[in-house]
Amino acid sequence: MGEPALRLARLTLSQFRSYPALTWRPRAAISVLHGANGSGKTNLLEAVSLLVPGRGLRGARISDLARHGADAPGSWAVAGRFVTQTGEVDVGTGTPPEGPAERRVFRLDGAAPRSQAEIAARISAVWLTPQMDRLFQEGASGRRRFLDRLVYALEPAHAREVAAHDTAMAGRNRLLAGGRVDPAWIAGLEEQMARHAVAATAARAGLVARLNAALAEGAAAPFPAARLSLACPIAERLAGEPALAVEDWLRATLAANRARDAAAGGAAAGAHRADMALADAATGLAAGLASTGQQKALLIGVVLGHAALLARARGFAPLLLLDEPTVHLDAARRAALFAALLRLPAQAILTGADRETFAPLREHAEAWEVVPGTLLPDADFSAPEASGAGSAIPI
């Protein structure tokens, strides 16, 4: 594996989840966290995921992130030092000292960033969790969030477009529910919905096209290539019409659907109706019809391909946070995963209950046993240190 251009050099936790205090300095490009169920492995991955904009890999409420207990203060903080192409960057997040517990703030090099996009432009992360194993048996919202995280890593402004669309839609829903509709007011909200929906959809479609091309070129090799598609009427129109024409169509559709949307309690058209589909590129087998192991393999392929795409597009690959990635994988797929991680110029943090599962990585990765509240170095894993890495000191 080449030296990752983006690397987490230090992670510091304070009163976060099961950790009263912890400082961890990853030494290698691949870190394995193993330990019993409930020991705090996923909590560490979640802490790293919270250092990029968004709600983290669990999507938890802010007030749920603080450590619980009689001696817990109710506030929490997570901080990371990252080595980037332009130097070291410090990112922190947590509840402000003055509270409240439901509010979360960010710090970039000790100061409040102008926007979260300023952080996203410097660091990014993608993750895979056991909950995603059911991504293709459940509703479209989870698949849409998964896709949007991939887009956001490549285009930080995408999150603003999605948020602006959803804010305008919520305002429109309230007006329709109230029964008294000011024509100018609701038309203005529909104009905002149309503009932001088209921008968000164009970004999603662009990511799908670029990722499919990268996967077809073997970006996830030796993992099998997947093929993504976007099920969205807006995307279908954008494929053959100018963006302004699609905005006009969506604005007219929203106006025509006001009575229907008022009765239904929500908009039938918009960026929130998009869905992502996934299939095996070689066989055409849709993920929804595949076995659990095949679905896991497809998702891993997408994450690995996305990391390779981002490395080419932005000059650095995202951090890969893989929670129990080997579950549902047979021996051949596990070997393919490890080979792909060694090939990618990305820092990866993997978790698992069984340390022997990761035995093929003993000479290529570092490993830590996670016990409640701390980490213990596993001397059986002997990866070379990444350049500039400090010693690992759990406290």
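The values are calculated or read from the model by the stated rules, or taken from the named source; none is laboratory data. Since this is a predicted model, take the numbers as computed values, not measurements. Heads up, the Cβs are rebuilt from the backbone with ideal geometry, glycines too, and the neighbour counts pull from every protein chain shown.
Please specify each residue of the range 188-210 satisfying the condition of being small (Gly, Ala, Ser) and surrounded by 14 or more Cβ atoms within 10 Å (Cβ to Cβ).
Gly188, Ala194, Ala197, Ala199, Ala200, Ala202, Ala203, Ala205, Gly206
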- Query: Looking at the range 334-382, which of its residues are within 17 Å of Gly35 (Cα to Cα), of a type in the set (A, V, I, L, M) and without any contact (Cβ under 8 Å) to a residue 40 or more places away in the chain?
  - Reply: Ala359, Leu376, Ala379
- Note on the structure: Among (1) over 26 Å from Pro156 (Cα atoms); (2) within 19 Å of the chain's Cα centre (by Cα); (3) of a type in the set (Ser, Thr, Tyr), Thr93 falls short only on (1)
- Working only within the range 114-147, note down all residues that are in the same structural domain as Asp90 (by TED's automatic domain parsing), farther than 22 Å from Leu329 by Cα and surrounded by 19 or more Cβ atoms within 10 Å (Cβ to Cβ). Ile119, Ala120, Arg122, Ile123, Ser124, Ala125
- Item | Test: residue in the range 97-111 that is basic (Lys, Arg), in contact with a Pro (Cβ under 8 Å, 6 or more places away or on another chain) and not in a loop (DSSP other than H, G, I, E, B) | yes
- Message: Going through Ala121, Ala72 one at a time, which residue ends up being among the hydrophobic types (A, V, I, L, M, F, W, C) and within 15 Å of the chain's Cα centre (by Cα)?
- Response: Ala121
- Filtering the range 41-64 for residues that are at pLDDT 95 or above and farther than 17 Å from Gly92 by Cα leaves a count of 2
- Message: With touching a His at 6+ places or on another chain (Cβ under 9 Å) and closer than 29 Å to Ala219 by Cα as the only criterion, which of Ala290, Ala282, Ala286, Ala271 stands out?
- Response: Ala271
- Checking Thr357, Thr374, Thr292 in turn, the sole residue that is polar (S, T, N, Q) and touching a Ser or Thr at 6+ places or on another chain (Cβ under 8 Å) turns out to be Thr357
- In the range 176-190, how many residues are in contact (Cβ under 8 Å) with a residue 24 or more places away in the chain and under 17 Å from Leu250 (Cα atoms)? 3
- Query: Can you name the residue in the range 332-355 that is assigned to a helix (DSSP H, G or I) and of a type in the set (Gly, Ala, Ser) and is also farthest from Leu320 (Cα to Cα) among such residues?
  - Reply: Ala332
- Note on the structure: Counting only residues in the range 312-331 that are assigned to a loop (DSSP other than H, G, I, E, B) and of a type in the set (A, V, I, L, M), the one surrounded by the most Cβ atoms within 10 Å (Cβ to Cβ) is identified as Ala317
- Query: Among the residues of the range 154-168, is any out of contact with any helix residue (DSSP H, G or I) (no Cβ under 9 Å at 6 or more places or on another chain), in contact (Cβ under 8 Å) with a residue 24 or more places away in the chain and surrounded by fewer than 17 Cβ atoms within 10 Å (Cβ to Cβ)?
  - Reply: no
- Conditions (1) in contact (Cβ under 8 Å) with a residue 40 or more places away in the chain; (2) out of contact with any strand residue (DSSP E or B) (no Cβ under 7 Å at 6 or more places or on another chain); (3) under 22 Å from Ala335 (Cβ atoms); (4) not hydroxyl-bearing (Ser, Thr, Tyr) -> Leu215 fails only (2)
- Per the filter on the range 59-91, residues crowded, with 19+ Cβ neighbours inside 10 Å and either without any contact (Cβ under 8 Å) to a residue 40 or more places away in the chain or not in a loop (DSSP other than H, G, I, E, B) (or both) are Ala66, Ala77, Val78, Gly80, Phe82, Val83, Val91
- When Ala264 is evaluated against the numbered criteria (1) in contact (Cβ under 8 Å) with a residue 40 or more places away in the chain; (2) aliphatic (A, V, I, L, M); (3) under 25 Å from Arg143 (Cα atoms), which criterion, by number, is the only one it fails? (1)
- Query: Does Asp71 fit the bill of being farther than 28 Å from Arg145 by Cα and acidic (Asp, Glu)?
  - Reply: yes
